[in-house]
Amino acid sequence: MAAKKTPAKSPPAARKPAPDQAERGHGDELHQHAGGTHPPLTTNQGVPLADNQNSLKAGPRGPTLLEDFILREKITHFDHERIPERIVHARGTGVHGYFELTKSLAKYTSAALFNEVGQRTPVFARFSTVAGGAGSVDTPRDVRGFAVKFYTQQGNFDLVGNNVPVFFIQDAMKFPDLVHSVKMEPDRGYPQAAAAHDTFWDFISLTPESMHTIFWAMSDRAIPRSLRMIEGFGVHSFRLLDAKGKSTFVKFHWRPQLGLQSTVWDEAVKLQGCDNDFHRRDMFEAVQSGNFPAWDLAVQLFTEEQADAFPFDHLDPTKLVPEELVPLTVVGRMVLDRMPDNFFAETEQVAFCPANIVPGIDFSNDPLLQGRLFSYLDTQLIRLGGPNFHQIPINAPKCPFANQQRDGHMQMQVPKGRVAYEPSSLDPTSARATPAGFRSFAEHLANQADDGVKGRIRPETFADHYSQPRLFYRSQTKFEQAHIAAAFVFELSKVETAHVRELIVGHLRHIDTDLAQRVANGLGMDALPPAPPAKVPAIDMPPSPALQIIGKMKPTLQGRAVGILVDDGSNAATIKALRKAAEDAGATVKIVAPKLGGAMLSDRKKLPADGQLAGTPSLVFDAVAVVLSDEAGKRLAKEAAAVDFVRDAFGHLKAIAADAGAQALLKAGGIGKDPGVVDAGDGKAFVKAAQTRQWEREPKLRTLP
Ligand code: HDD
């Protein structure tokens, strides 16, 4: 048998030496900012990386290797970047700052932060919408959260409030239902960040106690101009305790130093399209430019005896204590002066808990507050993944803290020694309870009429649901009343179920028949629907002008924004004078032009624009000026973005300064003579008109119910 010829082995191909890592990690990446002192990029284990652009592959076009621990670590971390968003208040804006005491409350409380005038306590404040998800818009009609964490020397005190002083429900038991009703409907997954749908109004129509807060939510407080211009309220009554344990009830109020300011509804709606981040951006830009927003902290103090004489129960969170009944005393101010370095680490991970309280302050028996004391800690456990979230820098107290709690997920501390219990005798340095520590108010429950009865009981004193919404509505200016009526009509027009709409109008009859009629007319109802039975009919309380927005707006341009629309040929001197007048009055001025590069002005100098016309509508300004050559005015009169610029400014009741060249554009926008439309040459008149909205203009523009 002929032996098979084995094929001659070809000599092994001469192997090229493997290129070193630096050569192999090629790509098209550019690092534009070369220079500087860049620390080495490492894995989370501190291993320096030579290539952060290419995964480890079996050959240039081969599969990726499981071995690539660098890729796996990077992707795994990325996959886990999101944490569960807050079930409510998911979208928020946080800012650092401080609280400074200007009037001592030492007579009422042993809480250190309220004792020494001049003392500064670091704070972190987070403002939020309630209903929308974390990526939702900033300007829906919604209550705004106003949560402040005080890092006091006696531990963290969280005042977790809203921009309205009352709440929708009287008992925490109902909170999940309230929230489920307002969130997007579970079968269809919409609407996002909106109360205007059937499930919300269905719940409200069957929950008469919600009426008071609904009025606040239908007012322009729910469409604020800026987070810097909202009020804040601790809502519940709390107790202040002096060193001897004597208690005084307290309600906390935040008052914006820039005054209250809201948008008009059409403006809020359009802002959603124009700038999803309108409030977040506004806060960021203000703080970054040194225009630090500030609030006065005011308190209402009253005794148990005074409270007993109120014509309502102050433990009911649907009730406010009118300022006319118990005046406000300003005790300090909060200044927000530093944006977080990292949104996730701080704003997202901050964990507010109404149960975070310090010696000298205590809770009241408000049943909503009592439920909240449980809920927030519980939510943080799931949101932040375990019991050590208090060690995350934004949540950690800034005073020393120590106890015998140990271990758990994400333990960051390395406690020393063998003693992790109390009482103990083995460690002379272990933490012990102190006489200066937190003590609850020694409340005598025996003074309550129904003392001793255990049950799911609602106090009779919580039964009046209509007097305070009546107080709120009747205290408003006619413009605000019209806005409330219009808001009801808008919201209910989105409700498909007729009996829900009718029941809401029925409730309104208990509050104010004229309003009920206006809303019924606006909805096109043939007759007023019947009012549901009321346990307690509304009583008239003396009007409280403090509940208005318009009455509390400050005629000022401080913290406001003015936009000047210019184009080639615009008069340089007019622009300069207008800018100076507005800036001297405290406004931020931005130049808007058809092209971002700017415009060649009458003095042959180029003025760069801060915003391009199509992307910078007048919505983002509090007042506008239009300075144009005749030719540009005629040209822009045919440009939709320019026409919208002036038409919207006019429609949103803003002041407009215009020169002769701008008249063609104003005409195209349908703008005629109006006290708020002034000559661009008169900076003083412009500033005066721009310091407020032109309320009288509105009835001429739109039919309000
Ligand atoms: Fe609440 C968040 C304000 C009633 C349960 N709430 C949350 C936030 C604010 C408020 C401002 C956001 C905090 C932040 O910025 O992280 N909540 C209020 C006010 C209430 C109120 C003023 C009534 C007076 N809340 C309330 C009740 C319950 C909750 C009755 C439950 C029984 N709230 C929560 C929560 C949240 C929350 C589910 C969601 C995310 C979080 O706590 O941290 O636990």
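The values are calculated or read from the model by the stated rules, or taken from the named source; none is laboratory data. Note that the structure is a prediction, hence the values are computed from the model and not measured. For neighbour counting, all protein chains shown are included, and Cβ atoms are generated from backbone atoms with ideal geometry for every residue, glycine included.
Please state which one of 325, 368, 320 is away from the ligand (no atom under 16 Å from the Cβ) and either modelled with pLDDT of 95 or more or not assigned by TED's automatic domain parsing to the domain that holds residue 123 (or both). None of the other options fit; the residue is 325.
Answer yes or no as to whether residue 146 is touching a strand residue (DSSP E or B) at 6+ places or on another chain (Cβ under 8 Å), aromatic (Phe, Trp, Tyr) and within 13 Å of the ligand (Cβ to nearest atom). Working first, answer last.
Numbers: touching a strand residue (DSSP E or B) at 6+ places or on another chain (Cβ under 8 Å): yes; aromatic (Phe, Trp, Tyr): yes; within 13 Å of the ligand (Cβ to nearest atom): yes.
In short, yes.
Restricting the range 179-189 to residues that are under 16 Å from residue 90 (Cα atoms) and surrounded by fewer than 20 Cβ atoms within 10 Å (Cβ to Cβ), which is nearest to the ligand (Cβ to nearest atom)? My answer is 179. Scanning the range 149-173 for residues that are of a type in the set (Val, Ile, Thr) and either more than 10 Å from the ligand (Cβ to nearest atom) or touching a strand residue (DSSP E or B) at 6+ places or on another chain (Cβ under 9 Å) (or both) gives 152, 160, 164, 166.
Would you be able to say whether some residue in the range 214-236 is farther than 25 Å from residue 293 by Cβ and over 23 Å from the mean Cα position of the chain (by Cα)?
Of all residues in the range 214-236, those farther than 25 Å from residue 293 by Cβ come to 214-215, 218.
Subsequent filtering for residues that are over 23 Å from the mean Cα position of the chain (by Cα) retains none.
No; the residues of the range 214-236 include none that is farther than 25 Å from residue 293 by Cβ and over 23 Å from the mean Cα position of the chain (by Cα).
With respect to the conditions (1) polar (S, T, N, Q); (2) under 30 Å from residue 99 (Cβ atoms); (3) assigned to a loop (DSSP other than H, G, I, E, B), residue 192 lacks only one, and its number is (2).
Only one of the listed residues (258, 227, 241, 271) is buried (at least 22 other Cβ atoms within 10 Å of the Cβ) and within 16 Å of the ligand (Cβ to nearest atom). That residue is 227. For the range 371-406, a residue qualifies if it is away from the ligand (no atom under 12 Å from the Cβ), touching a residue at least 60 places away in the same chain (Cβ under 8 Å) and closer than 28 Å to residue 81 by Cα, and the qualifying residues are 385, 397, 398. As for the range 451-466, it holds no residue that is in a helix (DSSP H, G or I), within 29 Å of the chain's Cα centre (by Cα) and of a type in the set (A, V, I, L, M, F, W, C). Restricting attention to the range 498-522, which residues are free of Cβ contacts under 8 Å to residues at least 40 places away in the same chain, in contact with a helix residue (DSSP H, G or I) (Cβ under 7 Å, 6 or more places away or on another chain) and not charged (D, E, K, R)? Listed by number, the residues that qualify are 505, 508, 516, 520.
Has the range 60-78 got at least one residue that is within 30 Å of residue 129 (Cα to Cα) and either modelled with pLDDT of 95 or more or exposed (fewer than 10 other Cβ atoms within 10 Å of the Cβ) (or both)? Before you say what the answer is, go through the steps one by one.
Taking the range 60-78 and keeping what is within 30 Å of residue 129 (Cα to Cα), we get 77-78.
Within this subset, residues satisfying the condition of being either modelled with pLDDT of 95 or more or exposed (fewer than 10 other Cβ atoms within 10 Å of the Cβ) (or both) are 78.
Scanning the range 60-78 turns up at least one residue that is within 30 Å of residue 129 (Cα to Cα) and either modelled with pLDDT of 95 or more or exposed (fewer than 10 other Cβ atoms within 10 Å of the Cβ) (or both).
Filter the range 336-377 for residues that are assigned to a strand (DSSP E or B) and acidic (Asp, Glu); which is farthest from residue 94 (Cα to Cα)?
Step one: filter the range 336-377 for residues assigned to a strand (DSSP E or B), giving 336-338, 361-363.
So of that shortlist, the ones also acidic (Asp, Glu) come out as 337, 362.
Details: 337: 11, 362: 26 Å.
Looking at residues that are assigned to a strand (DSSP E or B) and acidic (Asp, Glu), I get 362.
Would you call residue 187 at pLDDT 95 or above and assigned to a loop (DSSP other than H, G, I, E, B)? Yes; evaluated as a whole, the condition is true for this residue.
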